[in-house]
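Structure first, then comments.
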Amino acid sequence: MDADAQDAQSRTGERRSTSLYTPPTVMRLLDAVADGLNLSQACIAAGIGRRTMYDWQKKYPRLLKRLEEAREQARQKALATIKRFGETDYKAAAEFFASEFSSRLHARKHRDRSCYERRRCRRGLRF
C-alpha cells in the first residue's frame, strides 16, 4: 500500500472502499505524466477527474512531489530523443540547444536593455 494511502487509512481509522486513491490509480496517473501527457490527459488515462487530482494534491502532499518527478522524467525522455536525433539532424540539435539553454541566453540578451524594452519583449512585442 502506498504511503499516502496508509495516511488516509490512519486518518479515517478504516479503509474506504469507494476511494479512487489506490496505488494502481496513482501509478496510472504518474506513468501517464512521465510519458509526456499533460495533467488533463493523464487524469483521463487514470480514470479520474481533474478536480479529484487537485483534491488529492491538497490531501496527499507527497503526490505533488511525485507528479513533479514524473514531469521531470518526461522532460528527460524528450531531451534524450531530441539529442539522439540531433546527431544526424541539425534542427533537432538546435531544438535541444534552445530547450536547455534558452533561459540563460534570454537573460543575457536582455541584460543591457531598458526596462521598457524588457517589458515589450516579455509580452512578445517587436521593437
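The values are calculated or read from the model by the stated rules, or taken from the named source; none is laboratory data. Remember, predicted model here, so these are calculated numbers, not experimental data. Heads up, the Cβs are rebuilt from the backbone with ideal geometry, glycines too, and the neighbour counts pull from every protein chain shown.
Only one residue in ALA78, ALA32, ALA3 is modelled with pLDDT of 90 or more and either surrounded by fewer than 17 Cβ atoms within 10 Å (Cβ to Cβ) or under 18 Å from the mean Cα position of the chain (by Cα) (or both), so which one is that? Just a single option satisfies the conditions, and that option is ALA32. The residues on offer are GLU68, GLU14, GLU87, and the sole one that is surrounded by fewer than 16 Cβ atoms within 10 Å (Cβ to Cβ) and at pLDDT 90 or above is GLU68.
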